[in-house]
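The structure under discussion appears below in the form of structure tokens.
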Amino acid sequence: LAALSPERRGEATARLAKDVLGPAADAPDAALAKMDGRLADALRILRADLRLRKGARAKDRADDDADDPAAAALDKARGRLLGRASKKHLLEQVLPTLLALRHRLRALRLGVAADVEATLAEALRAHGAAVDAVLANDPMLARELRYDLKRARTAQAC
């Protein structure tokens, strides 16, 4: 995933959301239980993309000195545009699908629900307040994710 250009990475994650997560959210219970391996893989890729985008933003801030200022400015603008498009897609398409999927998976007591929650936590870590706005309908989940993030940070600090 890191070897792909930001455009291709965005296309790949959009296709995963459309071709794997969307149908899984609408699938009958028996079919959903059989899809847990594919769902886990798709969620792992989505989490990796969120981490890469977060790292790319930090790298862009650090790489302000370049040989060609015009090319650097163009790359920076392109990165911002791709980041905004990716964030909009995440907030409008992927998060509602993940929330619906999480509720169904927890009702069926499938283990892949933990992967959905980890992906939601990664989205919260990457986009903070914007994800909080989407999670406003489920304040309990928002608190759980915040608690998990806080616990993960303290575990890393130790």
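The values are calculated or read from the model by the stated rules, or taken from the named source; none is laboratory data. All figures in this text were calculated on a predicted structure; none of them were measured in a lab. Reconstructed Cβ throughout: ideal geometry from the backbone, glycine too, with neighbour counts over all protein chains shown. Remember, those area values only see protein heavy atoms, side chains included, never the ligands or the DNA or RNA. Shrake-Rupley method; radii C 1.70, N 1.55, O 1.52, S 1.80 Å.
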Self-check item: Sites ALA130 and LEU4, calculated FRET efficiency, Cβ-Cβ separation with R0 25 Å, nearest 0.05
Solution: 0.55
Quiz item: So how much slack lies between THR154 and ALA40, counting 0.36 nm per residue of separation and subtracting their Cα-Cα distance, in nm?
Solution: 38.4 nm
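Can you list which of the trypsin sites (Lys or Arg not before Pro) found in the stretch 62-155 are DSSP loop residues with at most 16 other C-beta atoms within 10 Å? Mind showing how you got there, number by number?
Numbers: sites: LYS76, ARG78, ARG80, ARG84, LYS87, LYS88, ARG102, ARG104, ARG106, ARG109, ARG125, ARG143, ARG146, LYS150, ARG151, ARG153; in loops: ARG109.
Passing sites in the stretch 62-155 are ARG109.
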Quiz item: Carbon and sulfur: what percent of the chain's accessible surface (1.4 Å probe)?
Solution: 55
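Relative to the present Cα-Cα distance, how much length would full extension add between ARG15 and LEU91 at 0.36 nm per residue of separation? Before the final figure, lay out each step's value.
Numbers: separation 76, 0.36 × 76 = 27.36 nm, distance 1.54 nm.
Full extension from ARG15 to LEU91 adds 25.8 nm.
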Quiz item: Taking only Cα atoms, what is the 0 to 90° angle, nearest 10, from helix 36-62's long axis to the longest principal axis of the chain?
Solution: 20
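How much accessible area per residue does the chain have, in Å², with a 1.4 Å probe?
Values: 9610 Å² over 158 residues.
Accessible area per residue, the chain: 61 Å².
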Quiz item: Of the lysine pairs in the chain, how many meet both conditions: Cα atoms under 26 Å apart, and a spacing of 8 or more in sequence or different chains?
Solution: 16
Self-check item: Residue-averaged 222 nm ellipticity for the chain, from DSSP H runs of 4+ at -39500 (n - 2.57), nearest 500
Solution: -25000 deg cm²/dmol
